[in-house]
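First the structure, in the form of structure tokens, and then the observations on it.
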Amino acid sequence: MTRSTLTAGTRGLVVAGIIGAAAVTGLATAQAAPSTGSSSVTTVAAECTSFWPSPHQVCGEIRDLYVSLGGAQSALSFPSGPEVTNPDGSKYSTFFNGTIHWSQATGAYVA
């Protein structure tokens with residue numbers, strides 16, 4: 001397995017991955033690197049993290065909880081959809097095996 005590299009472009013950053021390439025939004029704050037014990041690549045950009053090969057970013061307190069549970073290697077697996085903001089300001093992110101919700105009142109939790 002080879003280390004992925006970040007390439008700056010006029011429309012953001014591109015992660016040259018092990019199998020292919022994926023676009024990442026935001027400015028990277030660390031070198032893209034293979035995740036320990038898997039074929040995924042993790043890229044950190046500002047308040048969000050991409051768990052490649054999933055195209056969906058996980059952000060803020062939802063990301064913090066997801067990473068503390070083991071990220072893509074956790075029981076939740078990879079992100080399966082984009083983060084959604086509800087009309088009341090609460091948010092949620094879906095994963096292949098569950099959902100993490102967040103609100104100002106409750107913080108992040110797995111549902």
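Where a number appears in this text, it was derived from the coordinates with a stated rule and is not lab data. Model, not experiment: these values are computed from the prediction. Glycine gets a Cβ as well: all are built from the backbone with ideal geometry, and neighbour counts include every protein chain shown.
I need the phi-derived Karplus couplings for the range 95-110: 6.51 cos²θ - 1.76 cosθ + 1.60, θ = phi - 60°, integer Hz, Gly and Pro marked x.
10, 4, 10, x, 9, 10, 9, 9, 9, 4, 6, 9, x, 8, 8, 8
List, in order, the whole-Hz ³J(HN,Hα) value for each residue of the range 50-61 obtained from phi through the Karplus relation with A = 6.51, B = -1.76, C = 1.60 and θ = phi - 60°; use x for Gly and Pro.
Result, ordered by residue: 9, 10, 5, x, 5, x, 9, 8, 10, 10, x, 5 Hz.
For TYR92, TYR66, what ranking results if the residue with the fewest other Cβ atoms within 10 Å of its Cβ goes first?
Ranking TYR92, TYR66 by Cβ neighbours within 10 Å, fewest first, gives TYR92, TYR66.
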